[in-house]
1. Of (1) closer than 19 Å to A:LYS101 by Cα; (2) in a strand (DSSP E or B); (3) not basic (Lys, Arg), B:THR78 satisfies all except one. Which?
2. Sort through B:SER74, B:SER61, B:SER95 and tell me the only one that's under 30 Å from A:ALA9 (Cα atoms) and either hydroxyl-bearing (Ser, Thr, Tyr) or out of contact with any helix residue (DSSP H, G or I) (no Cβ under 9 Å at 6 or more places or on another chain) (or both).
3. Determine if the range B:71-83 includes at least one residue that is out of contact with any Ser or Thr (no Cβ under 7 Å at 6 or more places or on another chain) and either within 14 Å of another protein chain (Cβ to nearest Cβ) or aliphatic (A, V, I, L, M) (or both).
4. Among the candidates B:VAL89, B:VAL13, which residue alone is closer than 20 Å to A:LEU46 by Cα and either within 12 Å of chain A (Cβ to nearest Cβ) or touching a residue at least 12 places away in the same chain (Cβ under 8 Å) (or both)?
5. Filter the range B:38-51 for residues that are surrounded by 21 or more Cβ atoms within 10 Å (Cβ to Cβ) and facing chain A (nearest Cβ under 8 Å) and give the result.
Amino acid sequence: SQTIHQWPATLVQPVGSPLSLECTVEGTSNPNLYWYRQAAGRGLQLLFYSIGIDQISSEVPQNLSASRPQDRQFILSSKKLLLSDSGFYLCAWSVGSSFEKLFFGSGTQLSVL
Amino acid sequence: AQKVTQAQTEISVVEKEDVTLDCVYETRDTTYYLFWYKQPPSGELVFLIRRNSFDEQNEISGRYSWNFQKSTSSFNFTITASQVVDSAVYFCALSSTGRRALTFGSGTRLQVQP
């Protein structure tokens, strides 16, 4: 069966520090991978999606970046965090077309202080 | 442009009451899919249902039912005889041929009081 791992679960970082969140999927090949952010009291905002290794699409211009060095690994990074980067970050995967349901990781609560 | 609107920010009901969560969507595509996800306090989103734009039949799954009406661009979700375990944030989402990922609404927080 397929599983998705996302870590860390919580992270407190000072403004200006770097960020690296990692997500891995097991039990499936060539998944579509996604990073969403959920700000407090708001909906899910798509940040990045990837249909293959080194194929990343950015939805929102900001100081975050994503990389996919391996088929089932998706990394969200920042060189310098801003206060506005605080939020709940969710990794998700799907297989096939954009009509397929997403499977979500357990999320990372990021607090930038 | 795609958009999903969940006008109800928060709903509070007492156990065993029925509750309907509203979802209104906008898309120019003729082929699209609608979804509902549940986000319990643990944070992980759980898939509930997917419905394609060509199937307007209502669907029932246990205490859950969904009403899809193309004429009003709505895909409402009803929980019958609500339970405390139904307390969560519920998201409606839309996917269409023009996009690779789901567009989510802002979510409705449902609190079911014992």
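1. Failing condition for B:THR78: (1).
2. It is B:SER95.
3. yes
4. Details: B:VAL13 fails: closer than 20 Å to A:LEU46 by Cα.
Criteria check complete, one pass: B:VAL89.
5. The initial filter retains those residues of the range B:38-51 that are surrounded by 21 or more Cβ atoms within 10 Å (Cβ to Cβ), namely B:39, B:45.
Scanning the range B:38-51 gives a single hit, B:LEU45.
Table: residues versus (1) among the hydroxyl-bearing types (Ser, Thr, Tyr); (2) outside any loop (DSSP other than H, G, I, E, B); (3) within 12 Å of chain B (Cβ to nearest Cβ); (4) closer than 19 Å to B:TYR37 by Cβ.
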| residue | (1), (2), (3), (4) |
| --- | --- |
| A:SER20 | yes, yes, no, no |
| A:ASN30 | no, no, no, no |
| A:TYR36 | yes, yes, yes, yes |
| A:SER50 | yes, yes, yes, no |
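Values in this text are rule-based calculations from the coordinates and carry no lab data. The shown structure was predicted, so the numbers you read here are calculated from the model rather than taken from an experiment. In this analysis, Cβ positions are derived from the backbone assuming ideal geometry, glycine residues included, and neighbour counts consider all displayed protein chains.
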